[in-house]
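Rule-based calculations on the coordinates, nothing more; no lab input. Everything numeric here is computed off the predicted structure, so don't read it as measured data. Glycine gets a Cβ as well: all are built from the backbone with ideal geometry, and neighbour counts include every protein chain shown.
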């Protein structure tokens with residue numbers, strides 16, 4: 001069983017990163033959004049810092065391009081592709097749980113609220129949760 005997982009939501013301009021400890025208890029250790037050009041060095045630093053064992057990568061948009069770059073950094077068996085369909089919508093909903101709306105935003109219907117920061121880190125967290133719970137199909141690369 002893996003103890004530390006890193007979620008990676010790849011993108012063209014920015015990427016989400018989330019580090020999760022699964023044992024002894026589930027705990028989010030780190031989340032951040034980084035510019036795409038800084039993603040690989042940052043990922044490598046987090047991998048070393050937390051002693052991660054598996055990288056959970058979203059399988060849509062730019063996954064193929066990122067996967068080939070990631071395989072230069074990590075052994076292929078440590079990279080798992082997870083279905084990321086609708087994860088952005090889920091992360092947008094969760095955003096308001098993590099960052100409570102300000103007083104005036106509470107007056108708006110939930111569907112009209114716009115996050116005031118990128119939430120790709122929450123997408124990365126959702127990818128880890130999907131992998132861990134096994135609710136979506138995970139494909140070893």
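If you rank 8, 50 by fewest surrounding Cβ atoms within 10 Å, what's the result?
Arranged by neighbour count, lowest to highest, 8, 50 become 50, 8.
Looking at the square roots a ≥ b ≥ c of the eigenvalues of the Cα gyration tensor of the stretch 4-140, which shape do they give, rounded for a/c under 1.5, prolate if a/b is larger than b/c, or oblate?
prolate
Students often get this wrong: which residues of the stretch 36-53 have the backbone nitrogen under 15 Å from the point 7 angstrom along Cα-to-C-beta of residue 72?
37-44
Output the relative contact order of the chain, whole-number percent, from Cα pairs under 8 angstrom with separation of 6+ residues.
Details: 241 pairs, mean separation 43.9, N = 141.
RCO, the chain: 31 percent.
Expressed in nm to one decimal, what extension gain is obtained for the pair residue 2 and residue 49 from 0.36 nm per residue of sequence separation less their Cα-Cα distance? Could you put the intermediate results ahead of the total?
Values: separation 47, 0.36 × 47 = 16.92 nm, distance 1.57 nm.
Here the segment from residue 2 to residue 49 would lengthen by 15.3 nm.
Residue 61 versus residue 12, label points 7 Å from Cα toward the beta carbon: distance in nm?
With each label point 7 Å from Cα toward Cβ, the separation is 1.0 nm.
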